[in-house]
Structure formats: structure tokens, C-alpha cells
Amino acid sequence: MNTTEPGLTHEERAHVIRRLHDSENEFLEIAAGLTDARWTWQAAPGRWPVQQTAEHLVLGETAMLAKIAEALDSPPNPDWEEQDARKTRFLGRVLPDRSHKATAPAPLEPHRHWAREETIARYKEGRARTLKFIEEVDRPMKAHSAEHPFPVFNMLNAYQWLLYIPLHNARHNQQIAEALTEALKEEALKEAVR
């Protein structure tokens, strides 16, 4: 999908839009089937329940859109082409991999202040903003970069920040699925003891 032009190709735009829709649909499908008890169930201290993971997704998407704006406001990176394909492949490989845990930057840590309905509404609003942006943007997304808070990622161009959103969402959809599997096991164990 790499091109020598800093703007998005039709294929790149379609790829991100598809990933945004897929990760959104997966999240909303999972969330729709949860009881309130499962929404707030926590496997262990320090582990996020679905509630907190969902809040983190909302906070993260807002922050990533801000990083895209920051990148587009920065001067063009003359080395963008050299860094683009390698870093984009790296993101696609590393972000969905849940074998490597990460700690959210402080501004993206969930705060537990939103009710379930508010969290889901904010999630949908954020995703609608992101989809509108990708459908309308006509800027050299790959030529402008902003720094990621994790040194392993270093600088990401605006296209990579945009791709980061659904990859991050997919990663946390996996986290939610893992937590729900643990909840089911715990419930089965309690039933077996009765």
C-alpha cells in the first residue's frame, strides 16, 4: 500500500475506513450483549473491566485525532518516504499483539466517571468524527509527523496515527474478550462449587 506520494491513496483510505468500521462493529457487538455486572466486572486489582477499557478507547481516539492535527500543523518531514512503509508495517504487527502489555499514558487512563450509555455514546461520536475526517481529508498525511509518548513508536506520520486508531481498538477488543472469558470461567467455577 505504500506510494511515493505523501497523500492517501484510494486503497489506503479504504483500508483505514474498513478497519475503523470493523473494530467499531466488534466493540459495539461485544458491549451490546453485556450485563451491567459484566460491564464492571474486574478480574483482579489493576486489571481494567470493560467499562474502563471502553473509556480508554474514547480517550485514546480523541487523543489520536489531536495527534493527527498536531502532525498536520508541523512542517513536512523530508524523510517521510524512507520511514513510511517500515513504520506502517511495524504498527500493523505490534499493536494487535497482546503478548506485550502496555501501560496507558496518564491522560488516557480511565477515570470511571461515565455511565455505560454515556461511554458508548461518546465512543460512537468519536468514531463518527474519525470517519468523517478520513473520508474528507485531502492533505499530505504521510509527510507530517507527531511524536508518540512511547519511545518504541517515536515519530508517527498523520496516516500512521489514523491507522493506529482501529489497531488500538482491535487490541482492546481482544482485551475485552479475554476479560469476558475470565468472567465466564469464574462464573462456571462458582456454579460447580454450589
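The values are calculated or read from the model by the stated rules, or taken from the named source; none is laboratory data. Remember, predicted model here, so these are calculated numbers, not experimental data. Glycine also receives a Cβ, built like all others from the backbone with ideal geometry; neighbour counts cover every protein chain displayed. Remember, those area values only see protein heavy atoms, side chains included, never the ligands or the DNA or RNA. Shrake-Rupley method; radii C 1.70, N 1.55, O 1.52, S 1.80 Å.
Of all residues in the stretch 127-145, those satisfying the criterion of being open to solvent by 100 Å² or more (accessible area, probe 1.4 Å) and outside any helix (DSSP H, G or I) are Asp138, Arg139. Within the stretch 146-157, the set of residues being over 15 Å from the mean Cα position of the chain (by Cα) and open to solvent by 30 Å² or more (accessible area, probe 1.4 Å) comprises Glu147, Pro151, Val152, Asn154, Met155.
Summed over the stretch 4-19, the residues that are open to solvent by less than 50 Å² (accessible area, probe 1.4 Å), assigned to a loop (DSSP other than H, G, I, E, B) and either in contact (Cβ under 8 Å) with a residue 12 or more places away in the chain or touching a His at 6+ places or on another chain (Cβ under 6 Å) (or both) give a count of 3. Residues that are of a type outside the set (S, T, N, Q), open to solvent by 10 Å² or more (accessible area, probe 1.4 Å), farther than 22 Å from Leu65 by Cβ and out of contact with any helix residue (DSSP H, G or I) (no Cβ under 8 Å at 6 or more places or on another chain) do not occur anywhere in the stretch 158-176. For the stretch 137-177, a tally of residues being without any contact (Cβ under 8 Å) to a residue 60 or more places away in the chain and either among the hydrophobic types (A, V, I, L, M, F, W, C) or farther than 23 Å from Pro75 by Cβ (or both) returns 2.
Out of the residues in the stretch 177-194 meeting the condition of being under 18 Å from Arg98 (Cα atoms) and in contact with a helix residue (DSSP H, G or I) (Cβ under 9 Å, 6 or more places away or on another chain), tell me which one is surrounded by the fewest Cβ atoms within 10 Å (Cβ to Cβ). If we take residues in the stretch 177-194 being under 18 Å from Arg98 (Cα atoms) and in contact with a helix residue (DSSP H, G or I) (Cβ under 9 Å, 6 or more places away or on another chain), then Ala177 is surrounded by the fewest Cβ atoms within 10 Å (Cβ to Cβ).
Scanning the stretch 32-46 turns up at least one residue that is open to solvent by 80 Å² or more (accessible area, probe 1.4 Å), out of contact with any Asp or Glu (no Cβ under 8 Å at 6 or more places or on another chain), part of a loop (DSSP other than H, G, I, E, B) and free of Cβ contacts under 8 Å to residues at least 24 places away in the same chain. Listed by first and then second residue, the pairs with beta-carbon distance under 6 Å, at least 6 apart or on different chains, first residue in the stretch 75-96 and under 15 Å from Ala158 (Cα atoms), second open to solvent by less than 30 Å² (accessible area, probe 1.4 Å) and of a type in the set (Lys, Arg), are Trp80/Lys142; Asp84/Lys142.
Scanning the stretch 109-126 for residues that are closer than 24 Å to Ala14 by Cβ and open to solvent by 70 Å² or more (accessible area, probe 1.4 Å) yields a total of 2.
Per the listing Leu180, Leu189, the residue uniquely in contact (Cβ under 8 Å) with a residue 40 or more places away in the chain, more than 23 Å from Pro107 (Cβ to Cβ) and of a type in the set (A, V, I, L, M, F, W, C) is Leu180.
Residue pairs whose Cβ atoms lie under 7 Å apart, separated by 6 or more positions or on different chains, with the first residue in the stretch 49-74 and open to solvent by less than 30 Å² (accessible area, probe 1.4 Å) and outside any helix (DSSP H, G or I) and the second modelled with pLDDT under 95 and of a type in the set (Val, Ile, Thr), are Pro49/Thr40.
The requirement of being part of a loop (DSSP other than H, G, I, E, B) and under 30 Å from Ala179 (Cα atoms) is satisfied by Lys101.
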